[in-house]
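Structure record follows, encoded as structure tokens.
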Amino acid sequence: MGIFNQLGDLFLSAVPTVIIVFLFYFFMRWSFFTPVIRVLAERHKRAEGARQEAEASRAAVKERLRVYNEALRKARGEIFAEQEAARSRVLEERQAAISAARVAVQQELQVAKQVLAADVEAARAQLAESSAALAGEIADAILAGGPR
């Protein structure tokens, strides 16, 4: 039984230490752990709010980027349409100029053909006149003297 008395004395002497440890635990919980838990909860809440705000900002930026790209695509389409219209207009003007030049050349060619035909007719008429006169001279020369 001596050992039980020693164990009983040991537990009695350990009671103040256990009480002090429990008091220290409650004090630490009140003065340290509770504020730390509160700060961590607030930090988590702020981080979550910042994350949600960043997500909303990212969504807004994504939407603005989509709108910008759509506007850019639309502007490019308009520019392409304007360029295509200008190209068509230039091609039509070029075709009109070519047609006008072709008509002018055809008219000049007709005038030149008419002038050439008139010159040919004049030359034929002159040849006909001069051939008749030349034939008369040849005939007079043959009748007048014969060969010389």
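The values are calculated or read from the model by the stated rules, or taken from the named source; none is laboratory data. Being a predicted model, the structure only gives us computed values, none of them experimental. Note: ideal-geometry Cβ built from the backbone for every residue, glycine included; neighbour counts use all protein chains shown. Each accessible area value is taken on the protein alone, full model and side chains, heavy atoms only, with ligands, DNA and RNA left out. Shrake-Rupley method; radii C 1.70, N 1.55, O 1.52, S 1.80 Å.
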With (1) loosely packed, with under 10 Cβ neighbours inside 10 Å; (2) modelled with pLDDT of 95 or more as the list, and residue 110 as the residue in question, which single condition is left unmet? (1)
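Criterion first (out of contact with any Lys or Arg (no Cβ under 7 Å at 6 or more places or on another chain), in a helix (DSSP H, G or I), modelled with pLDDT of 95 or more and open to solvent by 70 Å² or more (accessible area, probe 1.4 Å)) does residue 18 satisfy it? Walk me through it before giving the result.
Details: out of contact with any Lys or Arg (no Cβ under 7 Å at 6 or more places or on another chain): yes; in a helix (DSSP H, G or I): yes; modelled with pLDDT of 95 or more: no; open to solvent by 70 Å² or more (accessible area, probe 1.4 Å): yes.
Considered against the rule, which asks whether it is out of contact with any Lys or Arg (no Cβ under 7 Å at 6 or more places or on another chain), in a helix (DSSP H, G or I), modelled with pLDDT of 95 or more and open to solvent by 70 Å² or more (accessible area, probe 1.4 Å), residue 18 comes out as no.
To keep it simple, each residue is scored yes or no on (1) touching a residue at least 40 places away in the same chain (Cβ under 8 Å); (2) among the charged types (D, E, K, R); (3) open to solvent by less than 70 Å² (accessible area, probe 1.4 Å); (4) not in a helix (DSSP H, G or I).
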residue	(1), (2), (3), (4)
32	no, no, no, no
60	no, no, yes, no
68	no, no, no, no
73	no, yes, no, no
76	no, yes, no, no
101	no, no, yes, no
106	no, no, no, no
The condition of being under 52 Å from the mean Cα position of the chain (by Cα) and at pLDDT 95 or above holds, among 48, 70, 53, only for 70
